Amino acid sequence: MRIYLDNAATTPLDPRVLDYMLPLMKDNFGNPSSIHHHGRQCKAIIEESRKKIANSLRSSIGEIFFTSSATEANNLIIQAAVRDLGVTKIISTPIEHHCVLHTIEHIVAQQRGVESAFLSVDESGQINMEELDQLLASSEVKCLVCIMHVNNEIGTISNVKSISEICEKHNALFQCDAVQALGKYDIDLSQTKISFLSGSAHKFYGPKGVGFVYINSDNQIKPLIHGGAQERNMRAGTENTYGIAGIGKALELCLEDMQKNRQHITFIRSHLIEKLKSQFDGVKIISPETDGHYCILNVAFPKSDKTDMIMFNLDILGISASAGSACSSGVEQASHVLRAIGLSAGYQAIRFSFSHHNTKEEIDFLVEKLKGIL
Ligand code: PLP
């Protein structure tokens, strides 16, 4: 038996998305920028996908731009906000994805006069809204607030609506990394004022190598990658037509199946929590248990010689999970997220992240294997 419990790192491609992409890959090879028949066909595929993403977010079609990844989208937003929109202060949290944190670090180091500030987070990864309000109130410069919708390691869900209201009150821009939330929750941009939002297809059963950025039409920014006029001059480079077709289809299907999948995954997650609590002394549930993301469960076991090789042993026994985010899972030290929420060095954390493909039997198998290891 081989069990995949690392769906926050990436998800398998939905076969229906593959079925949608395959004929296009065979027949629609044109360059979307060509004005002849072959080019126009591909352009239409791209625009159809843009429409699906915009409809799902209740945004305008003109506010969606395709990128190679959410990493690229986040780089574009942060760098362009400073360069084009007069931002000189970036307010964020210590538990953002590295593609946000490292971009902020880079821009502060490179650009004289740009500063950053990081809000504190509590042990569940939540920011304090009053701290954000006060920080913005005391900032006399243009601010960009970068706060993720759902944390990828522990599944904390931010109160995006309240954050957006505070940002609006202080005339600050709000960038929301929605990578882990898209396809799992309904995001309605007509109800919540967000300046920028990023997403990535491979986190919701779409293909790898394609993402998008929503740029609210109030904010006119320039591209990061220069060249042709693709993506209405926002992102040069011949479009990944098939990937773009796949991202729209994947999001559409996820939203159609959302309620059913949510119910199933919530059950799987609760079943694992129950088994861990009843069968493992000292286990610590790190993720917010009831109001965290239903697809993510981060737990920790008191460190011992048995936990030293736990990830390796789980892998040998047929279980793919993660010690933190995929990018840092080879690293021994607790991740930046776990350190920021104050997890004691005496614990070994494991992130299990679920999909609708997981079954109760798989969870029971996992628990048996964990018992064997520990
Ligand atoms: N933001 C979050 C919260 C993520 O979980 C990830 C991927 O792990 C990214 C950004 C980066 O996405 P991509 O793989 O599309 O670059």
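Listed here are the residues, each with its yes/no results for (1) modelled with pLDDT under 95; (2) of a type outside the set (D, E, K, R); (3) outside any helix (DSSP H, G or I).
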{"site": "Asn298", "(1), (2), (3)": "no, yes, yes"}
{"site": "Phe301", "(1), (2), (3)": "no, yes, yes"}
{"site": "Lys306", "(1), (2), (3)": "yes, no, yes"}
{"site": "Asp315", "(1), (2), (3)": "no, no, no"}
{"site": "Gly324", "(1), (2), (3)": "yes, yes, yes"}
{"site": "Cys327", "(1), (2), (3)": "yes, yes, no"}
{"site": "Gln333", "(1), (2), (3)": "yes, yes, yes"}
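Restricting to the range 197-236, name every residue that is within 16 Å of the ligand (Cβ to nearest atom) and either open to solvent by 20 Å² or more (accessible area, probe 1.4 Å) or modelled with pLDDT under 95 (or both).
Matches in the range 197-236: His202, Lys203, Lys208, Gly209, Leu224, Ile225, Arg235.
Considering only residues that are polar (S, T, N, Q) and either under 14 Å from Tyr185 (Cα atoms) or more than 11 Å from the ligand (Cβ to nearest atom) (or both), which ones fall in the range 126-160?
If the condition is that a residue be polar (S, T, N, Q) and either under 14 Å from Tyr185 (Cα atoms) or more than 11 Å from the ligand (Cβ to nearest atom) (or both), then Gln126, Asn128, Gln134, Ser138, Ser139, Asn151, Thr156, Ser158, Asn159 are the ones that fit.
When you check Ile350 against the structure, is it under 23 Å from Gln180 (Cβ atoms) and part of a helix (DSSP H, G or I), yes or no?
No, not satisfied.
Report, ordered by the first and then the second residue, all pairs with beta carbons closer than 8 Å, sequence separation of six or more or different chains, a first member in the range 12-26 that is in contact (Cβ under 8 Å) with a residue 40 or more places away in the chain, and a second member that is open to solvent by less than 30 Å² (accessible area, probe 1.4 Å) and basic (Lys, Arg).
Partner pairs satisfying both residue conditions: none exist.
So, in the range 71-91, of the ones that are open to solvent by less than 20 Å² (accessible area, probe 1.4 Å) and in contact with a Lys or Arg (Cβ under 8 Å, 6 or more places away or on another chain), which residue ends up nearest to the ligand (Cβ to nearest atom)?
Among them, the one singled out is Leu76.
Among the residues of the range 1-24, how many are surrounded by 13 or more Cβ atoms within 10 Å (Cβ to Cβ), hydrophobic (A, V, I, L, M, F, W, C) and farther than 30 Å from Ile363 by Cβ?
Selection size over the range 1-24: 2.
For Glu130, are the conditions met, namely being closer than 22 Å to Pro288 by Cβ, of a type in the set (D, E, K, R) and touching a Gly at 6+ places or on another chain (Cβ under 6 Å)?
When the stated conditions are applied, Glu130 does not pass them.
The values are calculated or read from the model by the stated rules, or taken from the named source; none is laboratory data. Quick caveat: nothing in here was measured; it's all calculated off a predicted structure. Cβ: placed from backbone, ideal geometry, glycine included. Neighbour counts: every protein chain shown. Each accessible area value is taken on the protein alone, full model and side chains, heavy atoms only, with ligands, DNA and RNA left out. Shrake-Rupley method; radii C 1.70, N 1.55, O 1.52, S 1.80 Å.
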